[in-house]
1. Given R₀ = 25 Å, what would the calculated FRET efficiency be for Asn83 paired with Glu312, taking r from the Cβ atoms and rounding to 0.05?
2. Near Lys291, which aspartates and glutamates are there with a Cα under 13 Å away, not counting those fewer than 8 places off in the same chain?
3. For a protection proxy built on the mean count of beta-carbon atoms within 10 angstrom, sort 283-295, 173-185, 75-87, 141-153 highest first, please.
4. Taking R0 as 25 Å, what FRET efficiency do you get between Lys246 and Glu176 from their Cβ-Cβ distance, rounded to the nearest 0.05?
5. If only Cα atoms are counted, what is the Rg of the range 114-194, and what is its Dmax, in Å?
6. Multiply the residue separation of Thr304 and Ser108 by 0.36 nm, subtract the distance between their alpha-carbon atoms, and state the gained length in nm to one decimal.
7. Cα gyration tensor of the range 245-296, axes a ≥ b ≥ c as square roots of the eigenvalues: rounded (a/c below 1.5), prolate (a/b > b/c) or oblate?
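Just so you know, all these numbers are worked out from the coordinates, no wet-lab data involved. Note that the structure is a prediction, hence the values are computed from the model and not measured. So basically every Cβ, Gly included, is an ideal-geometry build from the backbone, and we count neighbours across all protein chains shown.
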Amino acid sequence: MKKLTRYLFSVVITLSLVGCLPPKTGQKPTTDGQSPNKPPHAQEPVVEISKVNQPPTSTKKPPVRPEMSGKHALLIGIENYRNVAPLQGAVNDVNLMKSLLRQRFGFSESEFLMLLDEKATHTGIEQAFTALIKRVNPRDFVYIHYSGHGSQTDDLNGDEPRDHKDETWVSYGTREPGRENEIDNYDVLDDEINAWLAAIYAKTDQVIFVSDSCHSATVARGKASISRGLKLDKRSHPLGRKAYTKLDKYYGVHIGAARDDELAGETLAEDRKHYGLFTWHWAKALQQAHKGETWHQVFKRAYTPVVAQRGEAQRPQYRR
């Protein structure tokens, strides 16, 4: 199996809509240590590390600079929602992952696109993806992170025969009475996100997409004081009947904080700040990455403490 990249990595990512999206490509997610649709002996993509064979003993780790044509990160965090229940750790997630990308990957400020709170409207997210697509060149590395609420709405274009629901990112400013004619009053559809990803995949397959969110808020199981999920939006989405570019497969790695019928929780971490439970353990797992480890091995190191705390209430997903 081809390696995830020929770049030399040590750490990366957070979060996929995939944690709250049913597979649309025929691929099955995995939470049990096996990669979907692959035999146990199949080779997994490898996290390669330059200049750092083992995590250094010093608390300050030298940057790991991927040997790539270019690199780009889109980080989205929404917690101070205007019309729905707020969160406490979404912005902390973004800041944590930005710091990690800068310190271990050598990302510069100009290589980040960031949307926090009121900047992350439906229109703002669409514009950010449009800008990202324009930036990307062949073989570039792309990292996409979303932390915030997820939800569902009725599938209006018939591309969800399994449950007849579209999964959504709950963008800032959505669900405000009296603004039904404004697109910023509606969530971002999974169909939209897949169409944006398809445009990126047309240029590069070096894409990491992680989403620390989920959609179901009907039953809060397990011990999580704050969960990242809202109930079904019963309104007819103005973009729901549009025909979108279909994804035949995902490229790179997709990681989700929970299954599509589970809640992604937040946690109070050792530094006394709130984070997404998966994001916190994912960042720690990436910080500990060794040369030659596969992405799936790093994922399992994050998966274990999440499930230990939340049980079947939150089972992160891995897809490639």
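1. Numbers: r = 31 Å, r/R0 = 1.24.
Efficiency, rounded to the nearest 0.05: 0.20.
2. Glu48
3. Details: 283-295: 18.8, 173-185: 15.0, 75-87: 20.8, 141-153: 27.2.
The peptides rank, most packed first, as 141-153, 75-87, 283-295, 173-185.
4. For R0 = 25 Å, the calculated efficiency reads 0.20.
5. Taking only Cα atoms of the range 114-194, I get Rg and Dmax of 14.0, 45 Å.
6. The Thr304-Ser108 span can extend by a further 67.4 nm.
7. Working: a/c = 3.22, a/b = 1.27, b/c = 2.53.
The shape class here is oblate.
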